[in-house]
């Protein structure tokens with residue numbers, strides 16, 4: 001027999017928790033069902049190397065980082081300034097780095113999450129972990145739980161099920177066929193903010209793990225300055241992620257390994273080198289680091305030296321597997337949603353977070369959109385409870 005609940009949130013990541021908070025703030029009795037043993041596992045993993053919570057920049061450039069203009073009202077209402085204030089309200093002061101990235105002073109995500117969960121508990125939000133949604137049945141949402149199969153019959157539901165990467169942390173896209181069978185349009189998932197495979201020669205093995213800093217990466221018309229890492233699997237890191245969409249869509253990767261040195265100045269420097277020296281020695285004398293030298297030796301032989309440094313083509317074998325990606329593109333389409341993020345095909349069901357069809361780079365944009373869409377969906381679900389409209 002189905003258990004009646006007032007408001008159900010499926011997925012205990014940042015989008016789902018924000019939706020739960022908005023519903024609770026409006027006076028709803030909220031149950032959060034999470035498949036994993038603990039809440040917000042991907043959020044905590046993202047914070048291990050420093051939780052980049054948002055990006056402090058003007059509204060225009062901030063919104064332009066997203067490929068989905070329809071997110072603008074949500075991101076305007078709960079943008080970088082609001083995210084920073086929200087952190088402070090939880091007792092977590094933030095600071096802005098030189099690149100505009102915003103971090104909690106504590107750096108890790110765990111203090112912020114503990115404070116947030118404590119506030120949710122005070123608001124009466126009930127969390128049920130190890131509750132894995134397995135579709136519909138017996139008049140409600142069916143779950144596999146430690147106590148066996150359970151069914152919940154909510155008045156309103158917010159789905160915050162994540163995308164299709166990092167399945168071990170809960171984002172496995174198992175929900176796609178269930179929604180598609182109910183008439184919800186879901187765009188195919190693609191990896192985003194991911195590394196790319198490279199067929200290295202054996203000589204590159206000793207360079208795995210080395211970072212290449214200060215390069216300019218070109219992918220079609222896009223140019224970014226950034227750092228990336230040479231790994232056994234290929235190339236990864238922030239610089240690669242920043243151009244990953246263009247690379248995924250077929251653009252070639254070209255590196256300028258000395259972007260601060262004009263071509264004519266580089267040619268003059270090359271002219272002063274001893275021509276009989278090895279290529280490796282000449283590259284080092286020009287000021288290239290070990291990783292950059294290795295890349296030129298790998299892919300630049302046969303090219304004029306200046307071209308090998310300023311316009312080095314790097315052959316890629318395609319994106320790394322989607323489950324390795326930081327985020328994904330694709331998901332529930334804009335056409336499948338109302339302005340309030342309700343699913344047009346399912347009465348009283350809302351969706352938010354990475355399960356929606358939008359894409360953005362790393363650097364605080366991903367988390368901000370999860371917070372903003374979760375908040376928007378939670379408020380819309382609360383309004384539905386109060387008035388019967390989304």
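Some notes on this structure:
- Taking 37 °C and 0.692 mPa s as conditions, the chain diffuses translationally at an estimated 145 µm²/s according to Stokes-Einstein applied to its Kirkwood radius (Cα pairs).
- Rounded to 10°, Cα long-axis angle of helix 290-299 versus longest principal axis of the chain: 80 degrees
- Taking 0.36 nm per residue of sequence separation and removing the Cα-Cα distance, the residue 333/residue 93 pair yields an extension gain of 82.8 nm.
- Rounded Å value of the spacing that divides the Cα centres of the stretch 1-76 and the stretch 318-377: 10 Å
- For residue 202 and residue 227, the difference between the fully extended length at 0.36 nm per residue and the C-alpha to C-alpha distance is 6.7 nm.
- Here the spin labels are modelled as points 7 Å beyond Cα on the Cα-Cβ line, and at residue 268 and residue 26 they lie 6.6 nm apart.
- Using the average count of surrounding beta-carbon atoms within 10 Å as a protection proxy, the listed peptides 162-174, 349-361, 206-218 rank, highest first, as 349-361, 162-174, 206-218.
- Net length gained if the chain between residue 281 and residue 181 were fully extended (0.36 nm per residue, minus Cα distance): 29.8 nm
- By the helix-only formula, in which each DSSP H run with n ≥ 4 contributes -39500 (n - 2.57) and the sum is divided by residues, the chain has a 222 nm mean residue ellipticity of -9000 deg cm²/dmol.
- Counting DSSP beta bridges with both ends in the chain, the antiparallel % (nearest 5): 70 percent
- Using alpha-carbon coordinates, inclination of helix 14-25 to the longest axis of the chain, degrees: 30 degrees
- Separation of alpha-carbon centers, the stretch 104-176 and the stretch 222-251, rounded to whole Å: 32 Å
- Computed from Cα positions, the angle between helix 110-122 and the longest principal axis of the chain comes to roughly 10 degrees.
Rule-based calculations on the coordinates, nothing more; no lab input. All of these numbers come straight from a predicted model, not from anything done at the bench. Ideal geometry is used to build each Cβ from the backbone, glycine not excepted, and the neighbour counts take in all protein chains shown.
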